[in-house]
Amino acid sequence: MDRGKKTDVTQQPLGVAVVGAGYWGPNLVRNFQASDRFRLRHLCDLDVERARRVLGGYSTVQATADYPAVLADPEVDAVAVATPAGTHLDIALAALRAGKHVLVEKPLAATYADGMRLVTEAEERGLTLMCDHTYCYTPAVGRIREAVRSGELGEIHFVDSVRINLGLVQKDIDVLWDLAPHDLSILDFILPDTVEPVAVAAHGADPIGAGHACVAYLTLRLNTGAIAHVHVNWLSPTKVRTTMVGGAKRTLLWDDLNPLQRVAVYDRGVDLASPHEIGVDERRDMLVSYRSGDMVAPALGEKEALRSMVEEFADAVRERRAPLTDGRAGLRVLDILEAASRSLQFQGAVVGLRAGH
Ligand SMILES: NC(=O)c1ccc[n+]([C@@H]2O[C@H](COP(=O)([O-])OP(=O)(O)OC[C@H]3O[C@@H](n4cnc5c(N)ncnc54)[C@H](O)[C@@H]3O)[C@@H](O)[C@H]2O)c1
């Protein structure tokens, strides 16, 4: 496949432009500037003053509101999109059509259909399309993925994810679209390739009259029969960020707000004796036995997730391979979000997911 001129020069930094200088864009700016794999060339925002403020007075990076000029710059190999989700399609599509590799903030696009257009365009052009599922690049989630995919936990029985706090009530999106992309992208990242969600049911409430759900519960059915649950809430007075992954052998608990013990692996659980080991007349509760082994808290590195994320973007471009969180990972998350929104409309009806993204 033809990956464009500059990407063949593997040792040179990739020229990159960031679009969006609001809340999140400056984090990308900082990490691109800190990485020797990139040279940041432009920061583009409709509000050029905002872009200038982010860069500061002495920067040689160009602050601009002129996106076509950014795309016309032959030194720009890649574009990173950190604008509101509703604008991702137009901005990312224009970049792909100009032959640039693209990194898009989560969620990949406002709809599955829009996301699919981006994935198709990138694949047809042989360009890298990556979605910034930031949490997937944290040392904790990397360790969880390893524990799940290596079989250390055994077959996965359940996943339970809680992401609640007094959140910024968004005007244009509900709590599901605001917070659940994190949990869903983590789920997508940690599960083995043969395990996937097949259906979702969502319940939500808007007790303060915000116009959309501020509290939501998602229940996902996996193709193995296992269950995953996601609880997102803008109205909780306390902040909780925990994910429990229960396996046949061990159960892992990730508490992102506990830096001393972010991940703990428990060799504790419940076993059922197989039916041939007991007589037919024995009561069912006789089958149950409890394991009460050790808890291990593995040491984790402290590398900033966004730093690893931008490095993965550069490596994927250079090695001409799909990034760990590619456009299709973004699509799978959008599929669940759309199905969950439909389920919310129908009071928690179970909605099937698309197969084979
Ligand atoms: N990865 C994460 O953990 C994480 C965290 C927060 C936000 N985000 C994502 O980052 C994106 C941006 O969110 P935010 O909170 O920074 O939004 P924001 O509203 O604070 O900033 C968006 C910026 O984009 C600019 N903009 C809008 N349309 C534009 C256009 N067509 N061309 C150029 N600039 C344009 C706006 O002027 C604004 O400065 C969203 O997709 C959001 O979901 C990701």
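The values are calculated or read from the model by the stated rules, or taken from the named source; none is laboratory data. Note that the coordinates shown come from a computational prediction; the quantities given were computed from them, not determined experimentally. Cβ placement follows ideal geometry from the backbone for every residue including glycine, while neighbour counts extend to all protein chains displayed.
Can you tell me how many residues within region 106-130 are surrounded by 24 or more Cβ atoms within 10 Å (Cβ to Cβ), within 16 Å of the ligand (Cβ to nearest atom) and within 21 Å of N27 (Cβ to Cβ)?
Looking only at that region, the number is 5.
Looking only at region 42-64, decide whether some residue is within 25 Å of A305 (Cβ to Cβ), in a loop (DSSP other than H, G, I, E, B), within 27 Å of the chain's Cα centre (by Cα) and within 15 Å of the ligand (Cβ to nearest atom).
yes
Checking the conditions here, which among L176, L96 is within 20 Å of the chain's Cα centre (by Cα) and outside any loop (DSSP other than H, G, I, E, B)?
Going through L176, L96 in turn, the sole match is L176.
Go through region 126-173 and count every residue that is assigned to a loop (DSSP other than H, G, I, E, B) and of a type in the set (S, T, N, Q).
To start, the set of residues in region 126-173 that are assigned to a loop (DSSP other than H, G, I, E, B) comprises 126-128, 133, 138, 150-155, 167-173.
From what is left, the residues that are of a type in the set (S, T, N, Q) are 128, 138, 150, 170.
Qualifying residue count, region 126-173: 4.
Name every residue in region 311-350 that is in contact with an Asp or Glu (Cβ under 9 Å, 6 or more places away or on another chain) and either of a type in the set (A, V, I, L, M) or free of Cβ contacts under 8 Å to residues at least 24 places away in the same chain (or both), in order of residue number.
A316, V317, R321, L324, A329, V333, L334, I336, L344
Which condition does S185 not pass, out of (1) away from the ligand (no atom under 15 Å from the Cβ); (2) buried (at least 18 other Cβ atoms within 10 Å of the Cβ); (3) not β-branched (V, I, T), if it passes all the others?
Among (1) away from the ligand (no atom under 15 Å from the Cβ); (2) buried (at least 18 other Cβ atoms within 10 Å of the Cβ); (3) not β-branched (V, I, T), S185 violates only (1).
Quick grid of which residues meet (1) touching a strand residue (DSSP E or B) at 6+ places or on another chain (Cβ under 7 Å); (2) modelled with pLDDT of 95 or more; (3) of a type in the set (G, A, S):
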{"site": "D66", "(1), (2), (3)": "no, yes, no"}
{"site": "D77", "(1), (2), (3)": "yes, yes, no"}
{"site": "L89", "(1), (2), (3)": "no, yes, no"}
{"site": "A95", "(1), (2), (3)": "yes, yes, yes"}
{"site": "G99", "(1), (2), (3)": "no, yes, yes"}
{"site": "V104", "(1), (2), (3)": "yes, yes, no"}
{"site": "A110", "(1), (2), (3)": "no, yes, yes"}
{"site": "V119", "(1), (2), (3)": "yes, yes, no"}
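Taking E75 as meeting all but one of (1) within 15 Å of the ligand (Cβ to nearest atom); (2) within 24 Å of E121 (Cα to Cα); (3) not in a helix (DSSP H, G or I), write down the number of the exception.
Single failed check for E75: (1).
May I ask you to list pairs of residues, at least six apart or on different chains, whose Cβ atoms are under 6 Å apart, with the first in region 27-38 being within 17 Å of T134 (Cβ to Cβ) and the second being within 16 Å of the ligand (Cβ to nearest atom) and assigned to a loop (DSSP other than H, G, I, E, B)?
L28/A82
Go through region 296-319 residue by residue and tally those that are in contact with a Lys or Arg (Cβ under 7 Å, 6 or more places away or on another chain) and over 19 Å from A80 (Cβ atoms).
Here the count works out to 2.
Looking at G86, G99, can you tell me which residue is assigned by TED's automatic domain parsing to the domain that holds Y67, more than 18 Å from R321 (Cβ to Cβ) and more than 12 Å from the ligand (Cβ to nearest atom)?
Sole residue among the options that is assigned by TED's automatic domain parsing to the domain that holds Y67, more than 18 Å from R321 (Cβ to Cβ) and more than 12 Å from the ligand (Cβ to nearest atom): G99.
Search region 6-21 for residues being under 28 Å from the mean Cα position of the chain (by Cα), away from the ligand (no atom under 11 Å from the Cβ) and surrounded by 13 or more Cβ atoms within 10 Å (Cβ to Cβ), and hand back the single one that is modelled with the lowest pLDDT.
T7
What number goes with the only condition from (1) more than 25 Å from N27 (Cβ to Cβ); (2) assigned to a helix (DSSP H, G or I) that A316 does not pass?
Here A316 meets the rest and fails (1).
Taking region 183-204 only, how many residues are over 20 Å from A322 (Cα atoms) and under 17 Å from the mean Cα position of the chain (by Cα)?
Adding up the residues that qualify gives 2.
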